[in-house]
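Working notes, structure below.
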């Protein structure tokens with residue numbers, strides 16, 4: 001059965017980011033779901049032939065399933081806008097804002113959502129100001145435990161939880177391995193949740209929050225991509241009013257960043273029931289162990305139907 | 001209301017055998033996905049350069065396999081392998097001084113499968129395998145999957161150090177460990193590239209005899225020497241105490257998946273039964289094709305071609321290392337595929353890998369070759385697959401990465417070296433075949 005006017009959708013997956021493997025898995029899942037809905041799908045790994053191909057073949061829509069740089073930083077999306085080819089997901093400007101975690105935190109905080117206290121430091125700052133002086137200031141202002149993460153990137157790569165002051169320098173080195181800017185953030189104790197947002201043209205809707213409980217205690221790369229190593233609760237085991245507050249905060253974040261079609265907002269719910277914004281993802285993982293597909297299924301949605309509606313929304317320019 | 005159970009996305013998670021604990025996808029494995037892109041110079045993979053094998057030689061062997069031997073080649077075969085191929089294997093092994101009977105040879109699905117069968121035959125949970133430190137990553141994975149403990153023994157530029165081996169055995173025994181196997185790659189070792197001298201081969205065999213330990217001699221690279229052949233195989237002088245593993249993956253093509261084991265009579269009988277239990281019979285098609293190739297092509301000359309290709313690449317890598325990273329140290333391999341590069345003490349090769357991938361060069365971190373978290377400041381560089389130009393470019397990028405990492409560390413270690421992160425609680429998981 002063909003849904004809507006779509007004939008030809010190109011799913012982009014792979015690329016040369018650190019999240020290539022995850023992207024390939026997300027892309028295959030999206031492509032399979034669209035195929036089941038009778039849509040002609042082509043799965044392509046972006047390379048030097050891509051632009052020529054898109055210009056010559058002009059697909060109805062592009063479904064970017066590229067995690068990491070170029071897919072999520074707005075570069076590829078800007079190019080698709082330039083070529084006038086509809087695509088699923090946030091436009092380039094919004095993607096750039098969400099991709100840069102410090103910028104996203106600032107914008108979301110301005111919209112009234114709590115976000116953990118943090119400091120953003122480019123690597124140069126340590127060089128200019130002296131590492132020991134900077135570390136002293138951090139320890140005076142931000143109580144342990146801390147989370148150190150690259151300002152850009154996903155899948156928990158380069159992220160370290162620092163429980164002991166002596167571990168901070170190494171955590172900084174690991175974060176700077178992925179990005180020249182890092183965030184040092186106070187770690188909020190509480191329930192880790194992810195809220196998927198879907199907008200098929202009728203306004204953004206928050207999906208049921210997914211609660212994340214890694215067996216190891218840390219939602220690391222391994223905990224994310226080895227089935228069985230994390231327990232997920234959908235909906236999250238939080239009170240209804242807290243869940244409503246979390247959904248509202250996620251929608252505020254999505255709107256504040258100007259996101260479109262699909263996003264995932266990661267938050268911590270503290271002991272008082274306050275949702276704390278951590279980051280927003282313009283291309284949430286869509287693999288078999290990813291959170292948004294879990295939330296969609298929990299909400300009773302058919303993945304292929306939703307993915308095709310998103311492609312239709314892209315074509316309609318919503 | 002009942003407490004929600006949630007889901008872990010794998011309803012069978014609690015049903016897996018304990019031995020599967022190491023079968024996980026790691027961040028390192030994910031990073032290698034990028035290495036397959038053409039923009040990336042991969043110095044990680046141990047893939048033979050099969051393009052140096054004339055396709056028409058393989059094609060004509062394949063054609064005769066189907067036209068002249070189809071009824072056999074497309075059928076199940078013997079669990080020990082075809083007699084024709086085993087005869088040919090004797091000729092190949094004779095080049096390294098091994099004399100054996102055709103009955104002593106068991107053909108397997110790559111020598112990797114022989115490692116699996118040997119582990120199945122000999123290893124109970126808690127048994128100890130002594131292996132060189134560092135050692136072949138996928139052998140360590142197999143041993144661990146049988147819940148054996150891998151204990152490393154030290155190497156130097158001449159390979160495994162006999163005195164260290166004696167001490168290791170004594171230490172393991174004193175702690176109550178049951179040592180079942182000594183696993184060694186004596187020639188152009190993976191990953192260090194070094195070769196065990198003849199004198200040491202004799203010493204190691206004597207130590208094994210004295211301590212009643214079976215030696216598992218893995219020899220994938222012995223024929224791929226550059227200047228001088230390595231000393232003859234340990235199996236050439238010891239029939240009862242050595243199980244020898246060979247392969248066509250490096251001297252012909254790994255896609256055929258054909259290797260072999262040569263074992264003492266009783267062990268060989270069990271290997272055949274285990275082979276049948278696992279795969280019924282190794283691929284008749286691949287065995288017949290290889291027999292046709294060995295029977296008609298000048299395969300010795302083809303091995304010379306491979307040697308020339310790999311020597312040129314080794315030279316390109318060593319000269320590039322000398323130019324780009326003169327302050328680091330490495331052993332010069334006289335054959336095989338690998339250079340083992342030692343980094344400054346406080347560099348963590350695994351933590352540095354994402355930066356390397358960003359700079360479009362990949363390597364295998366040293367930790368992959370240790371079962372105990374060792375190898376933090378070492379990396380394995382493979383020169384077998386990329387062309388010399390790509391190797392030079394790869395080393396140039398690697399130098400940028402290493403120098404950048406040293407600068408970064410110096411910025412954060414004003415009061416002394418940064419402590420290395422704690423060793424991973426579990427090893428790197430299973431690396432892709434192109435990397436192992």
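Computed from the coordinates by the stated procedures, all read-outs in this text should not be read as laboratory data. Treat the numbers as computed from the prediction; the structure is a model and nothing was measured. As a convention, Cβ positions derive from the backbone with ideal geometry for all residues, glycine included, and neighbour counts pool all protein chains shown.
Odds and ends about this structure:
- Whole-Å distance, taken between Cα centres, linking the range A:188-236 and the range A:290-317: 17 Å
- Structural descriptor for chain B: relative contact order 25 percent, calculated from alpha carbon pairs under 8 angstrom and at least 6 residues apart.
- Contact order for the range B:1-158, expressed relative to its length and based on alpha carbon pairs under 8 Å spaced 6+ residues apart, stands at 19 percent.
- Here is the size of the protein assembly as shown from its Cα atoms: Rg then Dmax, 28.3, 81 Å.
- The label point for residue B:239 and the one for residue B:323, both projected 7 Å from the Cα toward the Cβ, are 5.3 nm apart.
- If you plug the beta carbon distance of residue B:400 and residue B:52 into 1/(1 + (r/R0)^6) with R0 = 30 Å, you get a FRET efficiency near 0.50.
- Taken over chain A, the convex hull of the Cα atoms encloses 127 Å³ per residue.
- Cα-based radius of gyration of the range A:1-98 once divided by 2.2 N^0.38 Å, which approximates compact folds: 1.02
- The share of alpha-carbon pairs in the range A:111-151 lying farther apart than 15 Å comes to 50%.
- Helix-only CD estimate at 222 nm, as mean residue ellipticity for chain B, using -39500 (n - 2.57) per DSSP H run (n ≥ 4): -13500 deg cm²/dmol
- Size of the range B:276-407 as Cα extents on the principal axes (Å, biggest first): 56, 37, 25
- Computed from label points 7 Å out along Cα-Cβ, the spacing between residue A:51 and residue A:166 is 5.2 nm.
- Kirkwood hydrodynamic radius of the range B:1-157, Cα pairs, Å: 20.7 Å
- Per-residue Cβ neighbour rank within 10 angstrom, fewest leading, B:76, A:307: B:76, A:307
- Tail fraction, Cα-Cα pairs, the range B:121-206, threshold 15 Å, whole percent: 55 percent
- By the beta-carbon count within 10 Å of each Cβ, the least crowded to most crowded order of A:219, B:16, B:244, fewest first, is B:16, A:219, B:244.
- A Förster distance of 25 Å, applied to the separation of the beta-carbon atoms of residue B:278 and residue A:288, puts the FRET efficiency at 0.30.
- Kirkwood estimate for the range A:112-257, i.e. one over the average of 1/r between Cα atoms, Å: 17.0 Å
- Residue exposure sequence - B:248, A:126 - by fewest surrounding Cβ within 10 Å: A:126, B:248
- Protection proxy ranking of B:51-64, B:196-209 - average other beta-carbon atoms within 10 Å, highest first: B:196-209, B:51-64
- Cα-based equivalent ellipsoid of the range A:7-55: semi-axis lengths in Å, sorted from largest, via gyration tensor: 19, 16, 4
- Mean silhouette area of the range B:3-68, derived from the convex hull of its C-alpha atoms and averaged over all directions, reads 10.3 nm².
- Legend: mean number of C-beta atoms from other chains within 10 angstrom of residue C-beta atoms, peptide A:219-231, equals 5.
- Between the range B:115-182 and the range B:264-335, the Cα center-to-center distance that results, in Å: 23 Å
- Debye intensity ratio I(q)/I(0), log10, the range A:212-318, q values 0.16, 0.20, 0.23 Å⁻¹ (C-alpha model): -0.84, -1.27, -1.50
- Given in Å, the Rg to one decimal and the Dmax to the nearest whole number for the Cα atoms of the range B:145-282 are 15.7, 44.
- Listed peptides B:253-265, A:293-305 appear in the order B:253-265, A:293-305 once ranked by packing, highest mean of other Cβ atoms within 10 Å at the front.
- For the range A:134-196, average projected area of the Cα convex hull in nm²: 4.7 nm²
- Here the spin labels are modelled as points 7 Å beyond Cα on the Cα-Cβ line, and at residue A:136 and residue B:434 they lie 5.0 nm apart.
- Using the Cβ-Cβ distance between residue B:99 and residue B:12 with R0 set to 51 Å, the FRET efficiency from 1/(1 + (r/R0)^6) comes to roughly 0.55.
- Alpha-carbon Rg with Dmax, taken over chain B, Å: 22.2, 76
- With 0.36 nm allotted per residue and the present C-alpha distance subtracted, the residue B:121-residue B:87 stretch has 9.7 nm of extension available.
- Where N is the number of residues in the range B:177-248, Cα Rg divided by 2.2 N^0.38 Å: 1.08
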